[in-house]
1. How do T102, T316 rank when sorted from fewest to most other Cβ atoms within 10 Å of their own Cβ?
2. Neighbour counts of other C-beta atoms within 10 Å: give me Y266, Y92 arranged from fewest to most.
3. Can you give the net charge of the other residues whose Cβ lies under 14 Å from the Cβ of I172, counting K and R as +1 and D and E as -1?
4. In terms of modelled amide H atoms, which long-range or inter-chain residues lie less than 5 Å from the amide H of L146?
5. Straight-line reach from K158: which aspartates and glutamates fall under 15 Å, measuring Cα to Cα and dropping same-chain residues less than 8 apart?
6. Is it possible to state the helix-based mean residue ellipticity at 222 nm for the chain, with each DSSP H run of 4+ residues giving -39500 (n - 2.57), the sum divided by total residues, to the nearest 500 deg cm²/dmol? What is it?
7. Can you compute 3J(HN,Hα) from phi for each residue in region 25-30, using the Karplus curve 6.51 cos²θ - 1.76 cosθ + 1.60 with θ = phi - 60°, rounded to whole Hz and x for Gly and Pro?
8. Which length gain, in nm to one decimal place, applies between S155 and R305 when the Cα-Cα distance is subtracted from 0.36 nm times their residue separation?
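Bear in mind these aren't lab numbers, they're just calculated from the coordinates by the rules spelled out. Everything numeric here is computed off the predicted structure, so don't read it as measured data. Positions of Cβ are backbone-derived with ideal geometry, glycine not excepted, and every protein chain shown enters the neighbour counts.
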Amino acid sequence: MKNDSWKTHFKERLKTVDEVNEYFSMNLPKDFPFDINIPLHLAKEIKDSDNQVLRSQFLPTKEEITSIQSRGQEDPIGDQENSKHQGIVHRYQNRILFFPTTNCPVICRYCFRKNELSDHEDYLKGRLGVLEKYLQENSALNEVILSGGDPLMISNEKIEEILHLIKKFKNIKYVRFHSRSPISMPRRIDDKLIEILSSFVSDFKIILVVHINHVSELSDESIKAVQKLSPIKMLSQSVLLKGVNNDAFILKDLFQKLDSLGISPYYLHHPDKVKGAMHFDLNIEEGLKIMKELRQLLPGWLIPRYIQDFSSGKVTLA
Ligand code: SF4
């Protein structure tokens, strides 16, 4: 298999309203206002299984158009307000977010950046220089978080280039990737990627925060991808979503399964108030009740922090 065969896989996707309407026999309007990206392998899985959890997370719906009218915002956590430089968000003293891409393996319909995502191939061009300059000028930093989009949607060569750049700064002790790829594009976890990540483990600690919301997202292939990543420390982040996982037993199953795969539950995000995704919203009281129930079902070390993101930073709710 070619190293980057995932790229071929990435190109095979539903990108337009017409393609979605035809594949799923739907009738979304031609002027559907949000981007669409469903990899074909996932589209096939959704169609074959008719799994409602997958459908509601990844299939565009008319509810998104209806929910534009409610209180959602385009940039609910203030990325633009906190963006000091192209591709960098600096909210906390010790760490920065760096966005090497706006591509994702799939566009999740609830995404807090759904109004910012697009498909620019050359997004990284020029940004490495900006990152290098920022690191030179901010020696108090000790962590770089690669987010996006999904930072694993860039090539192995570019990932290696970024890690080499970061390695020059001895004050950087941690490099974190926030990624949905192991779950939604498991083929992305190729041997070369593992080799590159492993080659930097003596320079800084690499942490992979895997985004997953429900146990039914785990296919055989994604389980294998996660197993390949076992030399890397893995944490999880999930979003609490109405109609997907707002149930203590569903989350219990998820966190137990993740633990069995070597992934420690880390964050459970309260859903952001996103324009076009308010149909996933629920109130904090419901989230707190679910957390209380989880404490009856799981040991404390298997329960993630329930958090809410604001422009000023994260607030732990439970
Ligand atoms: S993978 Fe993450 S950034 Fe990309 S669409 Fe899904 S939630 Fe948004």
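1. Final ranking by Cβ density, sparse to dense: T316, T102.
2. Y92, Y266
3. Here the charged neighbours net out to +3.
4. So L146 has HN proximity to F98, R176, F177, H178.
5. List returned: D4, E121, D122, E132, D150, D190, E195.
6. -10000 deg cm²/dmol
7. 6, 10, 9, 5, x, 4
8. Between S155 and R305, full extension yields an extra 50.8 nm.
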